[in-house]
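Trainee: Structure provided below as structure tokens; questions to follow.
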2 protein chains.
Amino acid sequence: MGLIVQKFGGTSVGSVEKIRNAAERAIAEKRKGNNVIVVVSAMGKTTDKLVEMAGDLTAAPAKREMDMLLSTGEQVTISLFALALKQHGIEAVSYTGWQAGIVTEAVHGNARIIEIRTEKISRDLAAGKVVVAAGFQGITEQGEITTLGRGGSDTTAVALAAALHADKCEIFTDVTGVFTTDPRYVKSARKLLSVSYDEMLELANLGAGVLHPRAVEYAKNYGVPLEVRSSMEQEAGTMIGEDNRMEQSLVVRGIAFEDQITRISVIGLEDSINSLPAIFSLLAENHINVDIIIQSRTERNHAAISFSIKSPNLEETLSVLEKNKEAIGCRSIEAETSLAKVSIVGAGMISNPGVAAKMFEVLAGSGIMVKMVSTSEIKVSAVIDDTNMVKAVETLHSAFGLSEQSVGQH
Amino acid sequence: MGLIVQKFGGTSVGSVEKIRNAAERAIAEKRKGNNVIVVVSAMGKTTDKLVEMAGDLTAAPAKREMDMLLSTGEQVTISLFALALKQHGIEAVSYTGWQAGIVTEAVHGNARIIEIRTEKISRDLAAGKVVVAAGFQGITEQGEITTLGRGGSDTTAVALAAALHADKCEIFTDVTGVFTTDPRYVKSARKLLSVSYDEMLELANLGAGVLHPRAVEYAKNYGVPLEVRSSMEQEAGTMIGEDNRMEQSLVVRGIAFEDQITRISVIGLEDSINSLPAIFSLLAENHINVDIIIQSRTERNHAAISFSIKSPNLEETLSVLEKNKEAIGCRSIEAETSLAKVSIVGAGMISNPGVAAKMFEVLAGSGIMVKMVSTSEIKVSAVIDDTNMVKAVETLHSAFGLSEQSVGQH
């Protein structure tokens, strides 16, 4: 007899009917002879509605009160989910975050879990009960309700799986798994049967938030096997675990991409040693995230720095830099918008030095100019014109053998 | 500096706008220099919606899970209320039932408060904060969420007021106070400036649940001064406290009434000693509430028993009695429907033996036949045809001097 943790997100429990369907997944697992812990999010648009009400009262709601408010969302779901299980004769008990022993640091809105007190849940599982726990929320040592921020319910599920040594943590969502690339753009995209934690982290933005990176990191640290699968379809999903593939398996496992990228160039830096920290401290202070950074020497030993940002941050970025032009000590600031980033991801490329070269070759062969490049041990990213994005993804998907029948088999 | 507990019911916090208005009442009290505890119910129809969702999942929802579900209602209100206070620069903190230290017995759906752990709230009040507590809910010693059943938020408010020795517990509602009779029926009905706890208990059904009898009893036991007042109007409400009126004050303080009364007569009882317990045990087992009971001897020493019930219980009552006719040992069972009960209420009537006589005289003078009578130390009730109900109330209201300017002044 094993222990399975099943996590259902907001869309998977968006109505009473969907809760009933989700409950059937838990019942099926229970009837196989496994112990089951269910972790749920707030129903559908509940959180948005609560945020809206708070917004009608005040422009800057206190985070403590927002945690108090939003944590009601999952509490509604756990009780309804438990009722759905009991209606089928399954012994079930619902727990809020504080009842489930999810202890967090004393931070509101984005708390990290510091401890899980598992006595209560262990006792219930031993008594044959299905435990239905509220995701996304916890309690401080002082008895204050906290929430875990974005991806919080995924993190709750993984943390419970880790603390109770579950055999698997299943993340039910509205897609059937993790794909080689986004099937909404590339028809030949195929579902992967397995990926490693690291690959999953790099592919995180495929399929619009299938699994929060924070939860993947948690799972990696504690060695929790994950499965991303559909709450509507019965088919197996994608397993996420340690990388244990054979040499012959695919070097590139997936292709991630995003548009709305802008390149900012700060040109004519007189003193690049001090300019570099000056620029990025300014951006950090203004909470502007920077992705790729490239430094180059141009005319008369004056340096230039280019970096990529998300296009919605363009106006603020330029304003911050222009205001501090003197402190930075540069001649001019330029921006190039309408760019996209395409990344090939695969743990196997660590030992395959030719992968980046092949990528540039493929892009060049399609007449696509690469404007910026960034590499990590398991990823190569290229910034290109956004009009070329889908073409680049399709070409790379095919060139690296991802469109074939064999994908993900090993 | 005093301590005021303010309780706002579901209609008084039915929208963000209404929460903002209610918050202004708390702010006004705080700015007078008082400490303030606010107790709130779930917003408007929230509870109904939650009950409906549970009903869609199962016909017999587990009470533990219903408590888990329904307690989210007040949790939403406390956080929004605290945000509304903070928006005005008032230091405020919201607490769920368990955070407020409301410990109840281990019963779901209708728990009684057994203890209030006031350390946290006392500390917050001392620090100048307004405490916003969730009504209707508590926690067992085992950490299970409970609810207090009907009138629960009133009870929470009174219990907090008692535990923290508040100077007053204000119950804000959608009427301006307790009236001599229901102003929807009798135009000359007047607001009472004060009534005693006992009178309030007897007048409880005036104005459709202004204040739950359970909360009144709690207030009486702990000597908590109550004020029932409007959440919309600024005028003073009705004070409820110990009876401390002078001899010359009004004997009758109010007139309560209700229709939908049915009289059941069990006739020709052979053995009335055993029939009496047999009948009422049967009814109690079937959860049928009986109000007035009259036993009489009729022909040939056979006894008859009449009692009044609410008309919606008629069918079930007859069915229970007919099924057990032999055990009861009676000849026939009769029912008279379309009756009403009119009661005159006043603590002063204990020392005024002529009050009942005057009531019957007044009714007889209006040609209204009395079918059943019941008396207590502070109340006389008469059952009459429901077509005469409003006429009876109006006539009695005038005859006992309730329509005059002086009402409630003492």
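Taken together, the values in this text are just the output of simple stated rules run on the coordinates, not laboratory data. Please read all numbers here as calculations on a predicted model, not as lab measurements. With ideal geometry, Cβ positions are generated from the backbone for all residues, glycine too; neighbour counts draw on all protein chains shown.
Trainee: To confirm my reading of the symmetry, which residue of chain B has the Cβ nearest the axis that brings B onto A, and what whole-Å distance does it have?
Mentor: Closest to the axis: B:72, 2.
Trainee: Along the positive direction of the dipole of chain B (beta-carbon charges: Lys, Arg +1; Asp, Glu -1; about the Cα centre), which of B:268, B:295, B:107 reaches farthest?
Mentor: B:107
Trainee: With +1 assigned to the C-beta of every Lys and Arg and -1 to the C-beta of every Asp and Glu, and no other charges, what is the dipole magnitude of segment A:283-410 about the Cα centre in debye, to the nearest 20?
Mentor: 280
Trainee: Round to the nearest 0.05 the FRET efficiency obtained for residue A:295 and residue A:56 when R0 = 51 Å and r is the Cβ-Cβ distance.
Mentor: 0.60
Trainee: Additional query: What spacing in nm lies between the two simple spin-label points modelled at residue B:366 and residue A:119, each 7 Å away from Cα in the Cβ direction?
Mentor: Modelled inter-label distance: 6.5 nm.
Trainee: Hey, rough spin-label estimate for residue A:110 and residue A:287, points 7 angstrom out along Cα→Cβ, what's it come to in nanometres?
Mentor: 0.7
Trainee: Toward the positive end of the charge dipole of segment B:123-262, about the Cα centre and with charges on Cβ (Lys, Arg +1; Asp, Glu -1), which of B:148, B:219, B:133 goes farthest?
Mentor: The residue sitting most towards the positive pole is B:133.
Trainee: What size of dipole, in debye to the nearest 20, comes out for segment A:1-121 about its Cα centre when the only charges are +1 on Lys and Arg C-beta atoms and -1 on Asp and Glu C-beta atoms?
Mentor: Using only the charged Cβ atoms, the result is roughly 440 debye.
Trainee: Taking amide H positions as placed 1.01 Å from N in the peptide plane, with prolines and chain starts having none, which residues 5 or more places from residue B:149, or on another chain, fall under 5 Å of its amide H?
Mentor: For residue B:149, the qualifying residues are B:111.
Trainee: For peptide A:70-76, how many partner chain Cβ atoms fall within 10 Å of a residue's Cβ, on average?
Mentor: 5
Trainee: Helix A:355-365 versus the longest principal axis of chain A: what angle, 0 to 90°, nearest 10, using Cα atoms?
Mentor: Between helix and principal axis, roughly 60 degrees.
Trainee: Ok, one more. Pull up the DSSP beta bridges for chain B and report the antiparallel fraction as a percent, rounded to 5.
Mentor: 60
Trainee: For segment B:99-160, what is the Kirkwood hydrodynamic radius in Å, using each pair of distinct C-alpha atoms?
Mentor: Value: 11.7 Å, from the Cα pair sum.
Trainee: Could you tell me the extents of segment B:34-80's C-alpha atoms along the three principal axes, largest first, rounded to whole Å?
Mentor: Here the Cα extents, ordered largest to smallest, are 47, 19, 12 Å.
Trainee: Kindly work out what percent of the DSSP beta bridges joining two residues of segment B:3-241 are antiparallel, to the nearest 5.
Mentor: Taking every DSSP beta bridge within segment B:3-241, about 25 percent pair in antiparallel fashion.
Trainee: Moving on to the next point. Towards the positive end of the charge dipole of segment A:269-410, with charges on Cβ (+1 Lys, Arg; -1 Asp, Glu), say which of A:305, A:375, A:399 has the farthest Cα.
Mentor: A:399
Trainee: Sticking with this one: Using only Cα atoms, tell me the angle between helix B:213-222 and the longest principal axis of chain B; keep it within 0 to 90° and round to the nearest 10.
Mentor: Approximately 70 degrees, to the nearest 10.
Trainee: Quick check on the protein assembly as shown: of the DSSP beta bridges with both residues there, what percent are antiparallel, nearest 5%?
Mentor: Percentage antiparallel, nearest 5: 60.
Trainee: Which value, in nm² and rounded to one decimal, describes the direction-averaged projected area of the C-alpha convex hull of segment A:254-399?
Mentor: Computing the convex hull of the Cα atoms and averaging its projections yields 9.3 nm².
Trainee: Please list the non-local residues whose amide H lies under 5 Å from the amide H of residue A:372, H modeled 1.01 Å from N, same-chain partners needing a gap of 5 or more.
Mentor: Result for residue A:372 returns A:383.
Trainee: Roughly how large, in nm² to one decimal, is the mean projection of the convex hull of the alpha-carbon atoms in segment A:275-350?
Mentor: 6.8
Trainee: While we're on this one: Quick check on packing: order A:394-404, A:138-148, A:109-119 by the mean number of other C-beta atoms within 10 Å, highest mean leading.
Mentor: Packing order, densest peptide first, comes out as A:138-148, A:394-404, A:109-119.
Trainee: To continue, here is another question. Residue by residue through segment A:341-351, which ³J(HN,Hα) values in whole Hz follow from phi under the Karplus form 6.51 cos²θ - 1.76 cosθ + 1.60 (θ = phi - 60°), with glycine and proline marked x?
Mentor: Once rounded to whole Hz, the list reads 10, 10, 10, 9, 10, x, 4, x, 6, 3, 9.
Trainee: Here is a further query. Within 10 Å, count the other beta carbons around each residue, average over each peptide in A:34-45, A:321-332, B:12-23, A:120-131, and list them highest first.
Mentor: The packing order, highest mean first, is A:34-45, B:12-23, A:120-131, A:321-332.
Trainee: To the nearest 10 degrees, how steep is helix A:272-285 against the longest Cα principal axis of chain A, on a 0 to 90 scale?
Mentor: Rounded to the nearest ten degrees, it is 30.
Trainee: Could you size up the charge dipole of the protein assembly as shown around its Cα centre, putting +1 on the beta carbon of Lys and Arg and -1 on that of Asp and Glu, and report it in debye to the nearest 20?
Mentor: That gives the protein assembly as shown a dipole magnitude of about 20 debye.
Trainee: Suppose each label sits 7 Å from its Cα in the direction of the beta carbon; what would the residue A:338-residue A:188 distance come out to in nanometres?
Mentor: 2.8
Trainee: From the helices alone, meaning DSSP H stretches of at least four residues, give me the mean residue ellipticity at 222 nm for chain B, per-run term -39500 (n - 2.57), in deg cm²/dmol to the nearest 500.
Mentor: Helix contribution divided over all residues of chain B: -10500 deg cm²/dmol.
Trainee: Considering all alpha-carbon pairs of segment A:3-241, what whole percent are spaced by more than 33 angstrom?
Mentor: 13
Trainee: Moving on to the next point. Please report the orientation-averaged projected area of chain A, defined via the convex hull of its C-alpha atoms, in nm².
Mentor: Mean shadow area of the hull around the Cα atoms is 22.6 nm².
Trainee: Here is a further query. Would you kindly give the portion of the calculated P(r) for the protein assembly as shown that falls above 43 Å, as a percent of all Cα pairs?
Mentor: Tail of the P(r) past 43 Å holds 48 percent of the pairs.
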